[in-house]
Amino acid sequence: MISLADLQRRIEAGEISPDAAIAQSHAVIEARENDVHAFVRHDKSAKAQVSGPLRGIAVGIKDIIDTANMPTEMGSEIYRGWQPRADAPVVMMLKRAGATIIGKTTTTAFASRDPTPTRNPHNTGHSPGGSSSGSAAAVGAGMIPLALGTQTGGSVIRPAAYCGTAAIKPSFRMLPTVGVKCYSWALDTVGLFGARAEDLARGLLAMTGRTEFSGIAPAKSLRIGVVRQEFAGAVEPAAEEGLLAAIKAAERAGASVQVIDLPEAVQEAWRIHPIVQDFEAHRALAWEFSERHDEIAPMLRASLDATAHLTPKEYDEARRISRRGRRELGELFEGVDVLLTYSAPGTAPAKELASTGDPRYNRLWTLMGNPCVNVPVLKVGGLPIGVQVIARFGNDPLALAAAWFLEHALARA
């Protein structure tokens, strides 16, 4: 993979020009795209900008995010060739920081569940995950150092785990979702993929200008609470192996680690996530469902058909439960700095299964709005396994510092 931080240091030192850095990404895309299929559009004419902290940094944009100079097709035939007039704010944030938008990456239809043609860069017979399949695969394949994705259930953290990249789902509304095709306005979150936690911190610093992302270093004296989310069902042995490896590495590096149970209200919040998601999806996709129903991708169409019965009363109760869950989760962080859990139930499923994987270990944290960072841990059968670090809402810098600590601990293991 290409490290954004390393590339920035080389550019600043004059070891590589911004133009050469962009040319490097073009070359890797040309070499690997026929196998990986990470992009729906690759702008071969894209050049480096002359200034900004992200000059020389090639970025892929998930194709549900508006771009003024490339179509935004949302993985759906309904929007084939649709051209926005303006860039989404998150795209402009990147451009103003000097980044080069090198292409649009694949997405499942409307960021839902129907698989894309994209393949896992570690084994093309397996899924890269979804819905941010192209962004995760492009970074995992070493094509680009930074990519944007979105998460409504588990669509940043899970594909990052499958493709062996670092990724952050920031605190809810850290990054604007204006200009991003809505699926659930209470859940949709823009996230970043990179090679390491430091790369994510630098990307967020450049995009947001928030000084709290400057000077982040590996955390020290961490108090880690391990949550296995038993209520979400069993994991594959590979996922448990990855979590145990992360726990052992953290303890050897000096962290205090304890296994904790999540409060009942938080567990109940996990159960009602689909109610919030599906109720809002029916309203966000009301035109498509009513006017272009038969053109909606089959798995999404079946899901919408099956959840059309949800009522405002059920939705309102689900929102009340989620608010109680957030309050109790906030209290849990009085005793620990971060939580540690699975990023996915196991390794990436085979492509022949036509599945992007299961978000059941991600959806609670999306509903709670907490910052989550995937940390690659090991490979099982040649496929990556990751764990996710979760911090208190609004403390994204600590989530990144803790992930960086864990990366170093695992490297020394």
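The values are calculated or read from the model by the stated rules, or taken from the named source; none is laboratory data. Predicted, not measured: the structure shown is a model, and the values here were computed from it. Reconstructed Cβ throughout: ideal geometry from the backbone, glycine too, with neighbour counts over all protein chains shown.
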| task | With respect to Trp404, determine if the residue is touching a residue at least 40 places away in the same chain (Cβ under 8 Å), surrounded by 20 or more Cβ atoms within 10 Å (Cβ to Cβ) and touching a Cys at 6+ places or on another chain (Cβ under 6 Å). | result | no
| query | Name the pairs: first residue in segment 105-129 and over 23 Å from Gln277 (Cα atoms) and touching a residue at least 60 places away in the same chain (Cβ under 8 Å), second residue surrounded by fewer than 24 Cβ atoms within 10 Å (Cβ to Cβ) and small (Gly, Ala, Ser), Cβ to Cβ under 7 Å, at least 6 apart or on different chains? | reply | His122/Gly382; Asn123/Gly382; Gly125/Ala350; His126/Ala350; Ser127/Ser355
| query | Picking from Asp63, Asp19, Asp87, which residue would you name as being surrounded by fewer than 19 Cβ atoms within 10 Å (Cβ to Cβ) and either under 27 Å from His126 (Cα atoms) or touching a residue at least 24 places away in the same chain (Cβ under 8 Å) (or both)? | reply | Asp19
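Evaluate the following for Ala86: is it outside any helix (DSSP H, G or I), touching a Gly at 6+ places or on another chain (Cβ under 8 Å) and not basic (Lys, Arg)? Let's see the steps before the verdict.
Values: outside any helix (DSSP H, G or I): yes; touching a Gly at 6+ places or on another chain (Cβ under 8 Å): yes; not basic (Lys, Arg): yes.
Yes; evaluated as a whole, the condition is true for this residue.
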| task | Looking only at segment 66-84, count how many residues are surrounded by 21 or more Cβ atoms within 10 Å (Cβ to Cβ) and β-branched (Val, Ile, Thr). | result | 2
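Just the residues that are exposed (fewer than 13 other Cβ atoms within 10 Å of the Cβ) and in a strand (DSSP E or B), please, taken from segment 229-262.
Restricting attention to segment 229-262, the residues satisfying the condition of being exposed (fewer than 13 other Cβ atoms within 10 Å of the Cβ) are 230, 233-234, 237, 252, 254, 258-259.
Within segment 229-262, Gln258, Val259 meet the criteria.
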| message | On the basis of being of a type outside the set (Gly, Ala, Ser), assigned to a helix (DSSP H, G or I) and crowded, with 20+ Cβ neighbours inside 10 Å, does Ile29 make the cut? | response | yes
| said: Condition first: crowded, with 24+ Cβ neighbours inside 10 Å, within 9 Å of the chain's Cα centre (by Cα), part of a loop (DSSP other than H, G, I, E, B) and among the aliphatic types (A, V, I, L, M). Can you find one or more residues in segment 150-158 that meet it? | reply: yes
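For segment 101-143, give me each residue that is assigned to a strand (DSSP E or B) and buried (at least 24 other Cβ atoms within 10 Å of the Cβ). I'd like the intermediate steps shown before the answer.
As a first pass, look at segment 101-143 and keep what is assigned to a strand (DSSP E or B): 101-105, 126.
Once the filter is applied, which keeps residues that are assigned to a strand (DSSP E or B) and buried (at least 24 other Cβ atoms within 10 Å of the Cβ), segment 101-143 yields Ile102, Gly103, Lys104, Thr105.
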| said: Looking at segment 379-410 only, could you name the residues that are of a type in the set (A, V, I, L, M, F, W, C), out of contact with any Ser or Thr (no Cβ under 7 Å at 6 or more places or on another chain) and closer than 13 Å to Ile247 by Cα? | reply: Val389, Ala402, Ala403, Phe405, Leu406, Ala409, Leu410
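Just name the residue that is surrounded by the fewest Cβ atoms within 10 Å (Cβ to Cβ) out of those in segment 368-393 that are β-branched (Val, Ile, Thr), over 26 Å from Ser322 (Cβ atoms) and in contact with a strand residue (DSSP E or B) (Cβ under 7 Å, 6 or more places away or on another chain).
Kept after step one, since they are β-branched (Val, Ile, Thr), are these residues of segment 368-393: 373, 375, 377, 380, 385, 387, 389-390.
Keeping just the survivors that are over 26 Å from Ser322 (Cβ atoms) gives 375, 377, 380, 385.
Now narrow it down to the ones that are in contact with a strand residue (DSSP E or B) (Cβ under 7 Å, 6 or more places away or on another chain): 375, 377, 385.
Working: Val375: 27, Val377: 25, Ile385: 28.
Within segment 368-393, the match that is surrounded by the fewest Cβ atoms within 10 Å (Cβ to Cβ) is Val377.
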| message | For segment 50-59, check the following and say yes or no: at least one residue is at pLDDT 95 or above, closer than 30 Å to Glu291 by Cα and hydrophobic (A, V, I, L, M, F, W, C). | response | no
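Which one is farthest from the chain's Cα centre (by Cα) among residues in segment 197-228 that are surrounded by fewer than 19 Cβ atoms within 10 Å (Cβ to Cβ) and outside any loop (DSSP other than H, G, I, E, B)? Working first, answer last.
Step one: list which residues in segment 197-228 are surrounded by fewer than 19 Cβ atoms within 10 Å (Cβ to Cβ), which gives 208-212, 214-215, 217-218, 220-221, 223, 226.
Restricting the remaining residues to those that are outside any loop (DSSP other than H, G, I, E, B) gives 208, 211-212, 223, 226.
Details: Thr208: 17, Thr211: 22, Glu212: 21, Arg223: 24, Val226: 21 Å.
Among those residues, the one meeting the criterion is Arg223.
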